[in-house]
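For reference, the structure discussed in these notes is given below.
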Ligand SMILES: Cc1ncc(COP(=O)(O)O)c(C=O)c1O
């Protein structure tokens, strides 16, 4: 895998929070330099930038096991989910199925549809887990969308994508999958979904400004781009016929203006690194570390572990529900251990293991928790 020295700023840190924000690869400096040079080339910069876009689409296609033409770039995963909310035609009586432990951006985009008679159906977790049976019980012939995170940011649960896809495809609903906590750390077959969104600044080792948007256009051709601009089209009528144009036939139609080129250059370098390591190898590495962490926490005792232990139901996050956040925050800070949730003062702590983490990192974190005064 990689080491701390492949990244900037984590030499003296036990960085266990890739699920919140990953550090920057040192090699991103060359990608930034490349962008600055290309940007100085005037009109020629556009063809360099177009080459990087195409190369990055190809990498995303490999990452997600889909066709490159179905890959587009939007500004954030949140924008991607809003594209579905505003890009489908809704009718009163339609419904959308989501989970109570879903990330806010998987919930809020649908709220405005309620005033048009669209129902939001919320699947409740049981013991922090969302079950396929409970999802199934909420779907009927008016369900238009099922939105689920492949790996939960809140609980760490990884849901079986083949089983979920099979279930949703027995209905008329589209499966909208948020793979922000899956892509880059476990294998993802996006073709099993209808739309996939992924942030790039966590497990994909990129930065903000770009999110991956997969559109399964053969299964969901009715999805319209809610915003249009010069970049949405493959042909334009110009001043003679200013309102004439043809939308890009593929997922590029969802990017109305210039995309965030710099963050795509950086994503290109990040994906080069991840794909060279091999997602299968990364998954084995992450599962080994989260297995070590889970077992260690269980043997410490006294921690409510939200994430399931079995490997198919887990990825790179181990989440804990605790009322000891302030204590944990102080203990970890004293040892330069970074996890997620302490800063925000959440009751839920998330500890993430990625390509630069080692068994020694997990031991340091476990030791810090073990050294907390007993209750
Ligand atoms: C499941 C999930 N989706 C998306 C995001 C981030 O979305 P965005 O790219 O809109 O910032 C997060 C951030 O924590 C997340 O946990």
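Tabulated data for the structure shown
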{"item": "Stretch gain in nm, segment residue 304-residue 65, where the contour uses 0.36 nm per residue and the Cα spacing is subtracted", "result": "82.5 nm"}
{"item": "Linear extension gain, residue 140 paired with residue 5, 0.36 nm per residue minus alpha-carbon span", "result": "43.4 nm"}
{"item": "Sum of -39500 (n - 2.57) over DSSP H runs of 4+, divided by residues of the chain (222 nm, nearest 500)", "result": "-10000 deg cm²/dmol"}
{"item": "Angle between the chain longest axis and helix 77-87 axis [Cα atoms, degrees, rounded to 10]", "result": "40"}
{"item": "All-pairs Cα distance distribution in the chain, expressed in whole percent, bin size 10 Å", "result": "5, 23, 31, 24, 13, 3, 1, 0"}
{"item": "Relative contact order of the chain, defined on C-alpha pairs under 8 angstrom at six or more residues apart (%)", "result": "22"}
{"item": "On Cα atoms only, tilt of 279-300 relative to the major axis of the chain in degrees", "result": "30"}
{"item": "Where a label projected 7 Å from the Cα of residue 131 along Cα→Cβ would reach, residues of the range 144-184 with amide N under 18 Å", "result": "157-161, 163-165, 167-168"}
{"item": "Antiparallel DSSP beta bridges within the range 28-276, as percent of all bridges there, nearest 5", "result": "45"}
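We did not get these values from a lab; they are worked out from the coordinates using the rules stated. It should be emphasised that the depicted structure is a prediction, and the values quoted were computed from it without experimental measurement. Note that we place each Cβ from the backbone using ideal geometry, even for glycine, and neighbour counts take in every protein chain shown.
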